[in-house]
1. For region 113-152, what % of the accessible area comes from carbon and sulfur atoms, probe 1.4 Å?
2. How do Thr182, Thr194, Thr137 stack up against each other in accessible area, from largest to smallest, with a 1.4 angstrom probe?
3. Taking a probe of 1.4 Å, how large is the accessible area per residue of region 65-198, in Å²?
4. Compute the Cα gyration tensor for region 120-227, then decide on rounded, prolate or oblate, letting a ≥ b ≥ c be the square roots of its eigenvalues: rounded whenever a/c is under 1.5, prolate when a/b is larger than b/c in the other cases, and oblate in all that remain.
Amino acid sequence: MDIEVGILEEDMEGSWTLLSWLASCVMVFGGTLPYLPQYQEIQRSSITEGFSTRVCLLLLIANILRIFWMGKQFELTLLLQSVVMIITMLAMLHLCCNIQHTNRVSTKKRHFTDLDLCYFWSWNAFEEYLLFCFAFTVLCAFLTLLLLDSVLFVEGLGSLAMLFDAIMGVPQLLQNFHNHSTLGMSVKMVLLWTAGDIFKTAYFVMNDSPFQFCVCGAVQILIDVAILLQVLYYGQDIGVKLG
């Protein structure tokens, strides 16, 4: 009897380990899946105006900050998630830059080094975005090495990372409002955002993650819902947009 109980406990422990591993894989790679339909939509239509590249800006900042949040111990899963998300955002920017270069009429060059706030994040070449990421990463590394012993700095770094991650859907919300349309934006992307944010928030709750993680997840869900309401308000044919 004791042997059977022991075997049952081992099976349950093995099943829980497998489920935990699968959940971690979903956390690492699941966040990139929403951008696949948007990537395909931009490729198909050769139009970038429906997708706000400032979503990429916020996610790049959030995930670079998270990588340098070395003063607190957090799961390796979240570190890998940040690296994968940075690569994904750079891939989205690369596609948008290529499409915009093909469609561009004006020959005037805009560079990151011009430090012109009017054209911030509206540069001509993909290399300019890489330069921004490099400069921001160097700045974060310098400040982190200088202030690593400061609890206030460490907590502030983590809070900023969470803030930028939580509001990453706001630029898309504003873009839709500015365009008075959601054409060019993949509804599948937003639906996957919503599903992913619900899963992520539940994951944080079940794993007793810091309270701010749960709050940020809830904020993201609300923003996702607001964008979906825009799709209905602007009268887009959801069936067509979903393919």
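1. Details: 2070 of 2770 Å².
With neighbouring chains kept in place, the figure for region 113-152 is 75 percent.
2. Values: Thr182 0, Thr194 20, Thr137 50 Å².
Heavy-atom accessible area, descending, gives Thr137, Thr194, Thr182.
3. Working: 7410 Å² over 134 residues.
Accessible area per residue: 55 Å².
4. On the way: a/c = 2.64, a/b = 1.16, b/c = 2.27.
Oblate, since a/c reaches 1.5 and b/c is not below a/b.
The values are calculated or read from the model by the stated rules, or taken from the named source; none is laboratory data. Computed from a predicted structure; not experimentally measured. Side chains included, ligands, DNA and RNA excluded: accessible areas come from the protein's heavy atoms. Shrake-Rupley method; radii C 1.70, N 1.55, O 1.52, S 1.80 Å.
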